[in-house]
Amino acid sequence: MQQVATQPASSAARSAPDVAGGAATHAAAQETDGFQLVIDALKLNGIDTIFGLPGIPITDLTRKMQKEGLRVISFRHEQNAGYAASIAGFMTQKPGICLTVSAPGFLNGLTALANATTNCFPMILISGSSEREVVDLQQGDYEEMDQLAIARPHAKAAFRVLHAEDIGVGVARAIRAAVSGRPGGVYLDLPAKLFPQAIDAEAGRNSLIKVVDAAPRQIPAPDAVKRAVDLLKNAKRPLIILGKGAAYAQADADIRALVEKTGIPYLPMSMAKGLLPDTHAQSASAARSYVLPAADVVMLIGARLNWLLSQGKGKTWGAATPKAWGAQKFIQIDISPQEADSNVRIDAPVVGDIGSCVSEILAAIDTTEGADWQKPPAEWLDAIAERKTKNIAKMGESLAKDPSPMNYHSALNVVRDIIKANPDAILVNEGANALDHTRSIVDMYKPRKRLDVGTWGVMGVGMGFSVAAAVVSGEQVIAVEGDSAFGFCGMEVETICRYDLPVCVVILNNNGVYRGDEVNFAGGHDPSPLGFVKGARYEKLMEAFGGVGVMVATPAELRRAMEEAIRSRKPTLINAVIDEKAGTESGRITSLNPTAKKKP
Ligand code: ADP
Ligand code: TPW
């Protein structure tokens, strides 16, 4: 391995596929190796950024990658590198790459890989691994682990490459698996022995594959489109639900055209906020609890009927009992042919990529209905408008209050103004109350600007997402974090400072998980399992690495600090101290939390 690192720069360059051969006369110049082929295969496929953490056996790989023009973003913990890779995949439709060492590094990255698969984000976890023969006989190698077997159930696909001449195929298969069909996490196992394997440079070059049409369009069947349009046409109380699949698909103009042409009210799921501006007249977000049970036809676009939509049944949907179905008929646009009927009957599944499905539906409406398309009945739209007006006024009252200490509403009212003034900024968000309140208070104006805990409600994505969002887009990032959520990934503020990224972290600090006023019911010296150090100075963590740290206690101070962070684009951490009694247990999902019959 060391041999490769100390190779003269020119020899490494000569073995790259685009310049190899020709003038090369030295024997070494006619050979390439595993290190080089991995880099060449990734570059050939347009991969330009790697999120990872070095160590045996991938240290030289990270050095060589950087030397050869890949941007290598090195983290303090692989889980955060993995989250970064996954969200880069969501934002760009290119698989985000996370590179780790073997066993413990691999396992640290695996949570992020599983999360990517769950959320349908395209990502490739590339981990170095130990010697196969020793691992398989369990003879006690350095960082011994059967990584491929462990990754498989958590990934959409998993591959191992044993020979340098197979690297091209391995990378191509990983890319196709990550981005085609329903996107997901892919594991690529690269044993230590692979990297220094030398092969003939020309054979190596010929073994590489530039993947053609990695995520082929999937055109829906005309009869499926017709079935959906017929159902929609006859609806009295139609509703469109936009999910993060719709945001991922980057079919923004057609989705907006479909919503506006049909005049159907819509609800954005959390990461679909901004696909149309949240201030859009047809947004039914402020009347969610009215539209879900009352709708008669619901068109899901890139959203699953999972727990976030109460599995399509129960009270949320107007049914009498938790397991009973509502009276709705469903249209579901999804790339996965297996998604329909997973919870309730889907009357009109439309299988295909969202871009193709939405444009075919638009075309069908135009051909069959043309100018005759009837907007939904006025009673439906008026009833929604009435609820919206009432709820928006109620929210306005809460936002106008200026309590002392500050609470979620008065702090987030500031964030709401800041995003309104900076609609290109990317909002990263995690926590329980910090998540739920931000989602409902802070309007988004552009697609793919809100990145959050997603399908699993996982804590710890905040700093990885922030790093990737800043690196991929170059835009200002604002991360609104619960103090507990931040603790899962807080050390990455060093990464933010090291790469000098325009990230402003706002910690809504209420001294604990959900809230900060819990006591130890045993009466002992230990704090409650839910409590943290009171009056913690999180802002000093950012200062420790050269960033800007500010502690604020009022909305005016918060506004000043955020405005300055955006003006300067400096890494900034704002410790926003809020009322420790402000939160509720588990935020808005208290009902999912089993509690003891008798309180401790
Ligand atoms: P949300 O949490 O926002 O409701 P989900 O993650 O539950 O969204 O659902 C996203 C859905 O979008 C998945 O079922 C996935 O198969 C689908 N999807 C992702 N990308 C595409 C695409 N390009 N075309 C069609 N469907 C897609
Ligand atoms: C990987 C369980 C859900 S929300 C939360 C935890 C620990 C923290 C809530 O406190 P926070 O926000 O962030 O201070 P706030 O505003 O309510 O006070 N481990 C993982 N994921 C989850 N979801 C948990 C634990 C949890």
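The values are calculated or read from the model by the stated rules, or taken from the named source; none is laboratory data. What you are looking at is a predicted structure, and each value in this text was computed from that prediction instead of being measured. We place every Cβ from the backbone using ideal geometry, glycine too, and count neighbours over all the protein chains shown.
Things worth noting here:
- Hits in the range 244-256 (condition: of a type in the set (A, V, I, L, M) and either out of contact with any helix residue (DSSP H, G or I) (no Cβ under 6 Å at 6 or more places or on another chain) or within 16 Å of ligand 2 (Cβ to nearest atom) (or both)): Ala253
- The sole residue among Ile418, Ile392, Ile426 that is surrounded by fewer than 18 Cβ atoms within 10 Å (Cβ to Cβ), closer than 26 Å to Met562 by Cα and in contact with a helix residue (DSSP H, G or I) (Cβ under 6 Å, 6 or more places away or on another chain) is Ile392.
- Taking the listed residues Ala411, Ala371, Ala363, Ala393, the one that is in a helix (DSSP H, G or I), more than 16 Å from ligand 1 (Cβ to nearest atom) and within 26 Å of Arg182 (Cβ to Cβ) is Ala363, with no other qualifying.
- Strands (runs of 3 or more DSSP E) wholly inside the range 457-566 containing at least 3 residues that are more than 10 Å from ligand 2 (Cβ to nearest atom), closer than 17 Å to Ala425 by Cβ and over 25 Å from the mean Cα position of the chain (by Cα): none
- Residue tally, condition within 15 Å of ligand 1 (Cβ to nearest atom) and not in a strand (DSSP E or B), over the range 446-456: 7
- Condition met for Ala85 (modelled with pLDDT of 95 or more and part of a helix (DSSP H, G or I)): yes
- Count - residues of the range 556-579 that are within 19 Å of Tyr408 (Cα to Cα), crowded, with 21+ Cβ neighbours inside 10 Å and in contact with a helix residue (DSSP H, G or I) (Cβ under 9 Å, 6 or more places away or on another chain): 7
- Unique residue being surrounded by fewer than 22 Cβ atoms within 10 Å (Cβ to Cβ) and of a type in the set (Lys, Arg) when the list is Lys244, Lys261, Lys273: Lys261
- The set of residues in the range 522-568 being in contact (Cβ under 8 Å) with a residue 24 or more places away in the chain and at positive phi consists of Gly535, Gly546.
- Condition met for Gly370 (at positive phi and touching a residue at least 40 places away in the same chain (Cβ under 8 Å)): no
- Within the range 190-220, being under 26 Å from Met91 (Cβ atoms) and part of a strand (DSSP E or B) holds for one residue alone: Leu190.
- Contacts under 9 angstrom Cβ, first residue in the range 237-248 being over 24 Å from Gln93 (Cα atoms) and of a type in the set (Ser, Thr, Tyr), partner more than 8 Å from ligand 1 (Cβ to nearest atom) and modelled with pLDDT under 95, 6 or more apart: none
- Residue list for the range 345-389, filter: closer than 20 Å to Tyr266 by Cβ, basic (Lys, Arg) and surrounded by fewer than 17 Cβ atoms within 10 Å (Cβ to Cβ): Lys375
- Scanning the range 130-167 for residues that are in contact with a helix residue (DSSP H, G or I) (Cβ under 8 Å, 6 or more places away or on another chain) and of a type in the set (A, V, I, L, M, F, W, C) yields Met145, Ile150, Ala151, Ala155, Ala157, Ala158, Phe159, Val161, Leu162, Ala164, Ile167.
- Exclusive hit being farther than 20 Å from Ile384 by Cβ and touching a residue at least 12 places away in the same chain (Cβ under 8 Å), set Ile255, Ile209, Ile301: Ile209
- For the range 493-500, the count of residues that are of a type in the set (A, V, I, L, M) and surrounded by fewer than 24 Cβ atoms within 10 Å (Cβ to Cβ) is zero.
- The residue that is farthest from ligand 1 (Cβ to nearest atom), among those in the range 459-512 that are closer than 15 Å to Ile87 by Cβ and polar (S, T, N, Q), is Thr495.
- Among residues of the range 411-435, those that are in contact (Cβ under 8 Å) with a residue 60 or more places away in the chain, touching a Ser or Thr at 6+ places or on another chain (Cβ under 9 Å) and under 18 Å from Ala272 (Cβ atoms), counted: 1
- Every condition in (1) within 16 Å of ligand 1 (Cβ to nearest atom); (2) in a loop (DSSP other than H, G, I, E, B) is met by Asp443 except one, and the failing one is (1).
- Residues satisfying the stated conditions in the range 308-343, i.e. of a type in the set (A, V, I, L, M, F, W, C) and surrounded by 20 or more Cβ atoms within 10 Å (Cβ to Cβ): Leu309, Trp317, Phe330, Ile331, Ile333, Ile335, Ala340
- Lone unmet requirement of (1) more than 30 Å from Ser180 (Cα to Cα); (2) assigned to a helix (DSSP H, G or I) for Pro376: (2)
- Positions within the range 112-159 being surrounded by fewer than 22 Cβ atoms within 10 Å (Cβ to Cβ), in a helix (DSSP H, G or I) and not hydrophobic (A, V, I, L, M, F, W, C), in sequence order: Thr118, Arg132, Glu133, Asp136, Arg152, Pro153, His154
- With respect to the conditions (1) surrounded by 21 or more Cβ atoms within 10 Å (Cβ to Cβ); (2) in contact (Cβ under 8 Å) with a residue 60 or more places away in the chain; (3) under 30 Å from Leu305 (Cβ atoms), Asn80 lacks only one, and its number is (3).
- Meets criteria (part of a helix (DSSP H, G or I) and of a type in the set (Phe, Trp, Tyr)) for Phe106: yes
- The set of residues from the range 395-415 being surrounded by fewer than 17 Cβ atoms within 10 Å (Cβ to Cβ) and closer than 28 Å to Gln250 by Cα is empty.
- Restricting attention to the range 289-307, the residues that are surrounded by fewer than 18 Cβ atoms within 10 Å (Cβ to Cβ) and charged (D, E, K, R) total 1.
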